[in-house]
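For reference, the structure discussed in these notes is given below.
The values are calculated or read from the model by the stated rules, or taken from the named source; none is laboratory data. None of the values given here were measured: they were computed from a predicted structure. Every residue, glycine among them, receives a Cβ derived from its backbone with ideal geometry; neighbour counts consider all protein chains shown.
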Amino acid sequence: METPKIECDPKIVYVTTKTGAKYAMPSHASQQCYDDAVGFPFDQDDVIIASYPKSGTTWTLNIVRLICGMEIKSGSIIESEFPFLESSERKRLDEHKATHKPAFYHTHIPCDHLKLNQKTKYIWVLRNPKDVCVSFYHHTKLFSNLYEYDHGTFDHYFKLFTSGKTDYGSYFSHVKKWSLHANNTNVLLLLYEDMKTDTRSAIKRIANFLGENYAARVSDPVTMETILEKCSFREMYQKMDQFSTVIKDGKCPVIRRGVVGDWRSLMTKEQAEIIDRMTVRHELQHYWEKYADIV
């Protein structure tokens, strides 16, 4: 009789929070970087782009970069202008803050760990959980150097995702905590599905949130058209080496398809219903009321 194959979980690490709880993070994170991130003194000049993984983070970073007129230096990636908090040591954060006004950062660390304040601006990017689950699965397989999950199956990963056992823990807990701050004046909620439906309006909302100078910049028709072209997935896919140091078989883990409803490519009807029930249980379904036919 053939022995059933036991599928291994993706490789992750655990850090200890200030409450003493264990929190799951990708293997490139460290306790020191986590402590530096949650203890860093952000102020009114700072902007943090925050999200649960695979919610449109890299796309949003690129839009913000284009609105602000930032250039990605040759041989570098976009993270050079947006340090990733959980993999940046305090020295790196201090240097970035000293040389950038305003200073931009990005993170997937939950908002209750960061202890939000009224002085800092937060751009919170939210995407429907079914697409996040499928995208996170592909991300985990492609980042084989981090997760060692090359042969992982979607059915196995789905169970991890719905039980909150992936890095960064439960999607639903993460989003529920951010929802408590969605109406704060210093928080801009960007729904991924809205961004895909009307990217032009999303660009205007981000620029208005960042300040008058940025709003004035995107009011120029030529500038707006340039931003729309350079933030398109076609353009970003062609320049994927600007967004990740890991390119595997011509694929980039942080720029894959960017399609709303891509969950249908892997998820069964039964699996979709499980996530739908979890979404209702956590009272999050209202975010996607107008997209019920695709999410």
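Sub-6 Å Cβ pairs linking a first residue in segment 26-38 that is farther than 14 Å from Thr16 by Cβ to a second residue that is of a type in the set (Gly, Ala, Ser), at least 6 apart or interchain, are His28/Ser87, ordered by first then second residue. The condition of being part of a strand (DSSP E or B) and buried (at least 19 other Cβ atoms within 10 Å of the Cβ) does not hold for Tyr149. For the structure I just gave you, tell me whether Pro26 is surrounded by 15 or more Cβ atoms within 10 Å (Cβ to Cβ), modelled with pLDDT under 95 and either farther than 11 Å from Val125 by Cβ or basic (Lys, Arg) (or both). Yes.
Taking Lys230 as the residue in question, decide whether it is farther than 22 Å from Lys290 by Cβ, within 24 Å of the chain's Cα centre (by Cα) and among the charged types (D, E, K, R). Against the criterion (farther than 22 Å from Lys290 by Cβ, within 24 Å of the chain's Cα centre (by Cα) and among the charged types (D, E, K, R)), Lys230 qualifies.
When segment 53-111 is filtered for residues that are under 27 Å from Ala24 (Cβ atoms), among the aliphatic types (A, V, I, L, M) and in a helix (DSSP H, G or I), the ones remaining, listed by number, are Leu61, Ile78, Leu85, Leu93. Looking across segment 157-186, the residues that are loosely packed, with under 15 Cβ neighbours inside 10 Å, in contact with a Ser or Thr (Cβ under 9 Å, 6 or more places away or on another chain) and either polar (S, T, N, Q) or assigned to a helix (DSSP H, G or I) (or both) come down to Ser163, Lys176.
Taking the condition crowded, with 20+ Cβ neighbours inside 10 Å and of a type in the set (Ser, Thr, Tyr), does Ser135 pass? Explain how you work it out, then say what you get.
Numbers: crowded, with 20+ Cβ neighbours inside 10 Å: yes; of a type in the set (Ser, Thr, Tyr): yes.
Considered against the rule, which asks whether it is crowded, with 20+ Cβ neighbours inside 10 Å and of a type in the set (Ser, Thr, Tyr), Ser135 comes out as yes.
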